[in-house]
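All of the numbers you see were taken from the coordinates with simple rules; none came from a lab. Predicted, not measured: the structure shown is a model, and the values here were computed from it. Cβ coordinates were reconstructed from backbone atoms using ideal geometry, including for glycine residues, and neighbour counts include every protein chain displayed.
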Amino acid sequence: MSAGKILVVDDETRIVDILDKFLTRKGFEVEKAYDGEKGLGILKKDKSIDLIILDEKMPNMSGTAMCKEMEKLKINVPIIILTGSLSLLDAKDLRGISYDHVLIKPIRLSELMKLLEKILTGSRKKRT
């Protein structure tokens, strides 16, 4: 029995691999994408995604742009944004988009796990 299905979207393959191994060991099913366009494509096809771990800075389509497209398409899935630093520019870019939490890289896997449990067992967003 899966703990849930998580989409990991990051252009750094090393981060995707680490998160994939960690989450799989914790009982999650993991989908992977290396830019926002591919991540959005997966979301359009797979309605069983429970949560997204999303890098902010990526080629082709940033995390912010992906969030905006999700809103347009009425795809309502909890989102954890990953960012290298939370500068004023990042904070400004993130205003007006819907996400559940921001984690600063490098992330602690124990912190991520606590956050996942809180989001997935708490008041979960439902797709419309």
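Run the simple label-point estimate for SER48 and ASP11 please: 7 Å along Cα→C-beta, distance reported in nm.
Rounded to a tenth, the inter-label distance reads 3.1 nm.
Compute the length gained on full extension between LYS21 and ILE107: take 0.36 nm times their separation in residues and subtract their Cα-Cα distance, giving the result in nm to one decimal. Please report the intermediate quantities before stating the final value.
Details: separation 86, 0.36 × 86 = 30.96 nm, distance 1.48 nm.
Difference between extended and current length: 29.5 nm.
Give the cross-link partners of LYS114 among the lysines, using a straight C-alpha distance below 19 Å as the criterion and excluding same-chain residues fewer than 8 apart.
Those lysines meeting the cut-off are LYS5, LYS21, LYS26, LYS105, LYS125.
Determine the gain in length on full extension of the stretch ALA3-LYS74; use 0.36 nm per residue of separation and subtract their C-alpha separation, reporting nm with one decimal. Please list the in-between numbers first.
Details: separation 71, 0.36 × 71 = 25.56 nm, distance 2.43 nm.
Gain on stretching ALA3 to LYS74: 23.1 nm.
Would you mind checking which residues have amide H under 5 Å from MET61's amide H? H placed 1.01 Å from N; only 5 or more apart, or other chain.
Under 5 Å from the amide H of MET61 lie the amide H atoms of GLY36, GLU37, each far enough along the sequence or on another chain.
Could you please report the charge total around ASP35, scoring K, R as +1 and D, E as -1 over all other residues with beta-carbon less than 13 angstrom from its beta-carbon?
So the surrounding residues net to -4.
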